[in-house]
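Here's the structure, in structure tokens; my notes come after.
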Amino acid sequence: MDKNFLEIIKTRRSCRKYKAEQITDEELQAVLEAGMYAPTSRGMQSPFIVAVQDKRLMDELAAMNAGIMGVTSNPYYDAPTYVLVFAPADAHNPVQDASCVLENMMLAAHAIGLGSCWIHREREMFSTERGKELMKSWGLPDGLMGVGALALGYPAGEPAPAKPRKEGYSRIIR
């Protein structure tokens, strides 16, 4: 295994504090491309990825998510970009497929110096009437469910070191 890739995996951390500066189009495209090359069940490429950088829309999404969470803070940590991932609810493995997309994008973001954090509650957000209206306005097909999102941007600090791995985390049975 490429030691550099293993190092990327070992050093990626969730980022919860971002600089206000927007990421470049090239950086965003690299992250999105990594998501598009994630493995999917039966090779169907069923997930949909939507990157959002429109401040008004980001404020609305943050308010929707915060309402579900029961907080007033921004659940996307004021990141300059949100990346939402959807999958057809009737796909063979929608959550697994979209999760692979999200993980690929988090690793790619870290590899190019960006911070990211997996954000939850998109399933609840996009099952609302407003959520369905938004998906329709973005040209997404009916029948999708929100699976997760990434807060994405330049980290505003150094990540904490990895916690030691727990005893017995893996086993080899021969």
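The values are calculated or read from the model by the stated rules, or taken from the named source; none is laboratory data. Model, not experiment: these values are computed from the prediction. For neighbour counting, all protein chains shown are included, and Cβ atoms are generated from backbone atoms with ideal geometry for every residue, glycine included. Just so you know, the surface numbers come from the protein's heavy atoms only, side chains and all, with ligands and any DNA or RNA stripped out. Shrake-Rupley method; radii C 1.70, N 1.55, O 1.52, S 1.80 Å.
Quick notes on this one:
- Separation in nanometres of the label points that stand 7 Å from Cα toward Cβ, at Met36 and Trp138: 1.6
- A value for Rg/Rh (Cα atoms, Kirkwood Rh) was derived from the coordinates, and within the list (i) 0.93; (ii) 1.14; (iii) 0.98 it appears as (iii).
- Expressed as a whole percent, the accessible surface of the chain that belongs to carbon and sulfur atoms is 53, based on a 1.4 Å probe.
- Geometric extent, Cα atoms of segment 91-150 - Rg, Dmax (angstrom): 12.9, 37
- Set of lysines with alpha-carbon distance to Lys17 below 24 Å, sequence-local pairs under 8 removed: Lys55, Lys163
- Under 15 Å from Lys166, Cα to Cα: aspartates and glutamates that are on another chain or at least 8 residues apart: none
- Calculated accessible area for segment 101-174 comes out at 61 Å² per residue, all protein chains present (probe 1.4 Å; ligands, DNA, RNA ignored).
- Per-residue ellipticity at 222 nm from helix content only, as computed over the chain with -39500 (n - 2.57) for each DSSP H run of at least four residues, stands at -11500 deg cm²/dmol.
- Ordering Asp97, Asp78, Asp59 by accessible surface, largest first, gives Asp78, Asp59, Asp97; the 1.4 Å probe counts only protein heavy atoms, with every chain in place.
- Scanning the chain for DSSP H helices at least 15 Å long along the axis (C-alpha atoms) with a Kyte-Doolittle mean no lower than 0.5 picks out 94-111.
- Each label point was placed 7 Å from the Cα along the Cα-to-Cβ direction; for Ile112 and Ala89 their separation is 3.4 nm.
- Placing +1 on each Lys and Arg Cβ and -1 on each Asp and Glu Cβ, with no other charges, gives the chain a dipole about its Cα centre of roughly 840 debye.
- Placing a label point 7 Å from the Cα of Glu60 along the Cα-to-Cβ direction, the residues of segment 109-125 whose backbone N falls under 19 Å of that point are 121-125.
- Per residue convex hull volume, Cα atoms of segment 31-91, in Å³: 100
- Each label point was placed 7 Å from the Cα along the Cα-to-Cβ direction; for Glu129 and Lys166 their separation is 4.3 nm.
- Rolling a 1.4 Å probe across the protein heavy atoms gives segment 1-70 an accessible surface of 67 Å² per residue.
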